[in-house]
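Take a look at the structure set out below.
The values are calculated or read from the model by the stated rules, or taken from the named source; none is laboratory data. Since the model is a prediction, treat every value here as computed from it, not as a measurement. Quick reminder, even Gly has a Cβ in these numbers, built from the backbone with ideal geometry, and neighbours come from all protein chains shown.
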Amino acid sequence: MHPFAAELQTCVGRIVLGKEATVALAIQTMLAGGHLLIEDRPGVGKTLLARALARALDLPFQRLQCTADLLPADIVGANVYDPRTGAVTFRPGPVFTSVLVADELNRTPPRTQSALLECMEEGRVTVDRTTHRLPDPFFVVATQNPMHATGTYPLPENQLDRFLMRVRLGYPDPEIEAEVLQQGSGHLHLEELAPVGDAERLRAARAEAERVSVHGDVAAYIVALAQATRASGELRLGVSPRGAQALHRAARARAWCHGRAFVTPDDVRALLVPVFAHRIVLKSAAQSGTGAAEAILAELAAEVAVPR
């Protein structure tokens, strides 16, 4: 494993206990320059994971609680008129940070959700025809409640496509939960966490991950998997070219974390569900939320030839 990735994993793991696989996916998402969607029940540590990542890299952090009355200006900011001076100045919103947690994103209406599209795709905000650049790095961790929860708006496909990965934390094992009770709230221990990097180190790691090579056969394998979702009779919507690019980027980040300068088919298969599952739409709405997307992807992966 790459030393920096191992340090991050260990550091975040001191706060988020027993979720090594999910922490690794979150680190890989950040190293790939993407954004993370965490779908799970309240109280399992979604915000804690984001805060631990920010603390481990000594990055500015903002938390945005999404509600039904939230407006786009509450996210990106707005121009404010000062009656004393007659001047109009831009007041930045919480999106002007390095790690933004949008808690319960699917509780805010689509008009407000769309305020994040330009931020996540282009790293900038446009207000009244004036463009403002966001900090680099800029990492969004959005959480959403399960779709059967009361008062939720489904995230549209174009919004979901902006997230590099979707993960779930799940309930901890009994032994880990007992340890959490003894340790106390992880939020109380965050300030004691010693950072293992900073923004400059993260940018350097991203640059190294981008130089990881992807053989033509492996790239063709990624394309074949994406095309298989588009041809599936069980899906109403397959993976877009942006989704294939996301898997390509994520696989390079995973290879770098594992200390390799090249991507293997195993990297691709390991990330297939986190990168693709939230991008496909099943024909039968009754199957949503039952793990059917993961099952269909497993079937498609079994049918697509793996390069040697």
message: What pairs come out if I take residues in the stretch 293-306 that are under 14 Å from Leu235 (Cβ atoms) and pair them with residues that are assigned to a loop (DSSP other than H, G, I, E, B) and of a type outside the set (Phe, Trp, Tyr) whose C-beta lies under 7 Å away, six or more apart or interchain?
response: Ala293/Ile280; Ile296/Ser232; Ile296/Glu234; Leu300/Ser232
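Within the stretch 189-282, considering only helices (runs of 4 or more DSSP H) that don't extend past its boundaries, which have at least 1 residues that are within 29 Å of Arg51 (Cβ to Cβ) and small (Gly, Ala, Ser)?
Where helices (runs of 4 or more DSSP H) fall fully within the stretch 189-282 and carry at least 1 residues being within 29 Å of Arg51 (Cβ to Cβ) and small (Gly, Ala, Ser), they are 199-210, 241-257, 265-270.
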statement: Residues of the stretch 32-53 being crowded, with 24+ Cβ neighbours inside 10 Å, hydrophobic (A, V, I, L, M, F, W, C) and over 11 Å from the mean Cα position of the chain (by Cα), in sequence order, are Leu49, Ala52, Leu53
message: Being surrounded by 18 or more Cβ atoms within 10 Å (Cβ to Cβ) and over 16 Å from the mean Cα position of the chain (by Cα) is the requirement here; does Leu8 meet it?
response: yes
message: With surrounded by fewer than 17 Cβ atoms within 10 Å (Cβ to Cβ) and not assigned by TED's automatic domain parsing to the domain that holds Arg252 as the only criterion, which of Gly93, Gly86 stands out?
response: Gly86
statement: Out of (1) assigned by TED's automatic domain parsing to the domain that holds Val306; (2) under 30 Å from Ala56 (Cα atoms); (3) in contact (Cβ under 8 Å) with a residue 12 or more places away in the chain, the one Arg206 does not meet is (1)
message: Every residue in the stretch 59-85 that is farther than 22 Å from Ala142 by Cβ and in a loop (DSSP other than H, G, I, E, B), please.
response: Asp82, Pro83, Arg84, Thr85
statement: Of the residues in the stretch 5-22, those that are in contact with an Asp or Glu (Cβ under 9 Å, 6 or more places away or on another chain) and part of a helix (DSSP H, G or I) number 2
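What residue, among those in the stretch 140-154 that are of a type in the set (A, V, I, L, M) and modelled with pLDDT of 85 or more, is nearest to Pro42 (Cα to Cα)?
Among residues in the stretch 140-154 that are of a type in the set (A, V, I, L, M) and modelled with pLDDT of 85 or more, the one nearest to Pro42 (Cα to Cα) is Ala142.
Please find, among Pro172, Pro137, the residue that is buried (at least 16 other Cβ atoms within 10 Å of the Cβ), farther than 25 Å from Gly43 by Cα and in contact with a helix residue (DSSP H, G or I) (Cβ under 7 Å, 6 or more places away or on another chain). First the steps, then the outcome.
On the way: Pro172 fails: farther than 25 Å from Gly43 by Cα.
Only one candidate qualifies: Pro137.
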